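Just below is one structure, and these are the notes that go with it.
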Amino acid sequence: MGTYRMCGCFTRKFKVIEEAPPPDVKAAFDKYAEGGDQMTAKQLRKFLVEVQGQNCATVADAEEIALQVLQKRHHMARFRRHALTNDDFYQYLFSADLNPPIDTKVHQDMTAPLSHYFIYTGHNSYLTGNQISSDCSDVPIIKALKRGLRVVELDLWPNSTKDDVLVLHGWTLTTPVELTKCLRSIKEHAFSASPFPVIITFEDHLTPDLQAKVAQMVMQTFGNMLFYPESDCVKEFPSPEELKHRIIISTKPPKEYLEDKSLSNRRSNSQKDKDSDEDTWGRMSPDLTYDDHKSDCDTSEQSQCDGDNEACYRLLRPSGALAYKSVISIPAGKPKGKLREKLKVENDKVIRLSLGELKFEKAIAYHGTEVVRFTQRNILRVYPKGTRVNSSNYNPLIGWLHGAQMVALNMQGYGKPLRLMHGMFRSNGGCGYVKKPDFLMNVGPNDQVFDAKAKLRVKKILKVKVYMGDGWHLDFKQRHLNLWSPPEFYTRIGIAGVPADKIMKKTKKRKGNWTPVWDEEFTFQLTVPEIALLRVEVHAYNMSDKDYFAGQSCFQVSELRPGFRTMPLFSRKGEQYTSLRLLLRFEFVDVDI
């Protein structure tokens, strides 16, 4: 029973009506139950293979599904039968736990180099709010790690007496947090959501003495969890599988940081240096500067790398003091020259290069294929422009479409970009690493790579049928939707991807029921389905003001499983609701090229 306020004086009571299974579900049950009133495990297995696309499903798998459904519905520990009634079958299909839209386990190849993966990356991971005046804390770092974040960024600054290290957003009003506190929290929560490596990127504004102190902190905090390189020469990055349960440090080698006695020269140089991988605020440090990156291997290191790649990457337990340079497993480079020269691919080494949002947009506008070629071996990090003081974000798809592995977003900047980020990294079991599609890694016969500007043909057609939704009467208080009458729900559904694929459509409004039934089908033509994300939003119509938000969801199209699926809904912040869900059906049609 629910209530609605009327005229501000009294309430109207109404019942929550439980809708019958959609006709398509009833038809599927009748077909695979072969006219009977129960579907056996053998019949369910046939349905899983032919409709749900689960070609490897066995009778034992079907029996396990039936057992879980019956236990969940009837609260009994054991059943002699493994057969489902029509209602049982419907409840199975409309369960986000038993019938999710994507595979919830890690299923991609995790043995390729790190440069072959999109990596869940945060920007200024320690901030609790805006970029200017919010607190710095380990709390947002912990929250992000629990969600699956794999790259944490920490800005390192000396304290007032220059004898300790703080984490803060330099030259702002943000209150600092101790580095040791952040490191301990990372250690405790790094692998709570995923066993694959956590990369810590340092934006370093320290003196050599404090760099040595940071190295000691890192070594003492992480111990055997820390991955140590043997030399500066890195010819190829190791794989996520090799680095399970390891902590990796990535920053510029310490020789890039020199004392600067002239504050005015420092500020002048920082204005001229538009290619720095530090943000606008970080470049204003009065104490330190850096010169161009020069990390060529010396003769002895080169001879080691020419042999076995293991010589460049090895797990060691150091003794005594650990030099700052020795803990840097992924060197951050800043090669000389213009932008195109910075994207030059070296045969004998790999680096991580960082570009700000605006610089990256320039790079893909003039050197798009060079960016793709660079990211096939090297790691590219893209971060928000410094003027995003409210912690807003850019569209992450522009980075992924060009192979950028570390598309860094402000995790506290809730909005569409972060929802797309959440959708991308729900893929592959939510482990924080998503294998880049083959077209970004392939090289053609004439040394050609993917050109995002090229006109592409439709490769795949996605058909989505939106049947119904449920759970609002449990997860939403009535005042969050409509005070005066039952809600009129409608669903917006569309694609986020390359410009040719981007589109949003919506269902008709359904009035007067907490379990709306739409039963509408939509068709999407996709030129780059490997990058595309399916966006779903539910709203309640409001005639006098902006429509009420009633849940959203986002998933990578290539991860969607065909057939009848239940899609869970999430809040604006990406937190999953307990009961909200939609019943949909996905069908993929390949287009002959």
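So the values come out like this:
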| quantity | calculated |
| --- | --- |
| Inter-probe distance in nm under a simple model that places probes 7 Å from Cα toward Cβ, at residue 34 and residue 132 | 7.2 |
| Exposure rank, largest accessible area first [252, 546, 336; 1.4 Å] | 546, 336, 252 |
| The range 161-171 - phi-based ³J(HN,Hα) in whole Hz, Karplus 6.51/-1.76/1.60, Gly and Pro as x | 8, 6, 10, 8, 10, 10, 10, 6, 8, x, 6 |
| Percent accessible area from carbon and sulfur atoms, the range 343-405, protein chains only, probe 1.4 Å | 51 |
| Sulfur and carbon atoms: percent of accessible area, the range 89-163 [1.4 Å] | 51 |
| Segment residue 192-residue 50, extension gain: residue separation times 0.36 nm, minus the distance between their alpha carbons | 47.5 nm |
| Residues residue 504 and residue 542, FRET efficiency given R0 of 25 Å [Cβ-Cβ distance, rounded to 0.05] | 0.85 |
| Pairwise centroid distance, computed over Cα atoms, of the range 80-104 with the range 332-410, Å | 44 |
| Potential extension, residue 105-residue 461 segment - 0.36 nm per residue separation minus Cα distance | 125.6 nm |
| Accessible area of the range 431-551 divided out per residue, in Å², using a probe of 1.4 angstrom | 47 |
| Largest-first principal axis extents, alpha carbons of the range 21-152, Å | 66, 35, 31 |
| Built amide H within the under 5 Å cut-off of residue 470, gap 5+ | 581 |
| Of all accessible heavy-atom area on the range 14-64, the percent that carbon and sulfur account for (1.4 Å) | 51 |
| Residues listed by number, the range 84-106, amide nitrogen under 20 Å from residue 61 label point at 7 Å toward C-beta | 84, 89-106 |
| Vicinal HN-Hα couplings computed from phi for the range 324-335 (Karplus, 6.51 cos²θ - 1.76 cosθ + 1.60; Hz; Gly/Pro x) | 3, 5, 6, 8, 7, 8, 10, x, 8, x, 9, x |
| Spin-label model distance (nm) - residue 549 vs residue 97, 7 Å beyond Cα toward Cβ | 2.7 |
| The range 79-182: chymotrypsin sites (Phe, Trp or Tyr not before Pro) falling in loop per DSSP and having at most 16 other Cβ within 10 Å | 79, 171 |
| Calculated from backbone phi, Karplus (6.51, -1.76, 1.60) coupling profile of the range 549-558 in Hz, x at Gly/Pro | 6, 9, x, 8, 7, 8, 9, 5, 4, 5 |
| Rounded to the nearest 20 debye, dipole of the range 45-176 from Cβ charges on Lys, Arg, Asp, Glu | 580 |
| Solvent-accessible ranking of 152, 345, largest area first, probe 1.4 Å | 345, 152 |
| Per residue solvent-accessible surface (Å²) - the range 317-415, probe of 1.4 Å | 37 |
| Distance between modelled label sites at residue 447 and residue 224, nm, 7 Å Cα→Cβ extension | 4.7 |
| Accessible area in square angstrom per residue, the range 131-170, 1.4 angstrom probe | 33 |
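The values are calculated or read from the model by the stated rules, or taken from the named source; none is laboratory data. Quick caveat, the model's predicted, so the values are computed rather than measured. Note that we place each Cβ from the backbone using ideal geometry, even for glycine, and neighbour counts take in every protein chain shown. Surface areas here come from the heavy atoms of the whole protein model, side chains and all, with no ligands, DNA or RNA. Shrake-Rupley method; radii C 1.70, N 1.55, O 1.52, S 1.80 Å.
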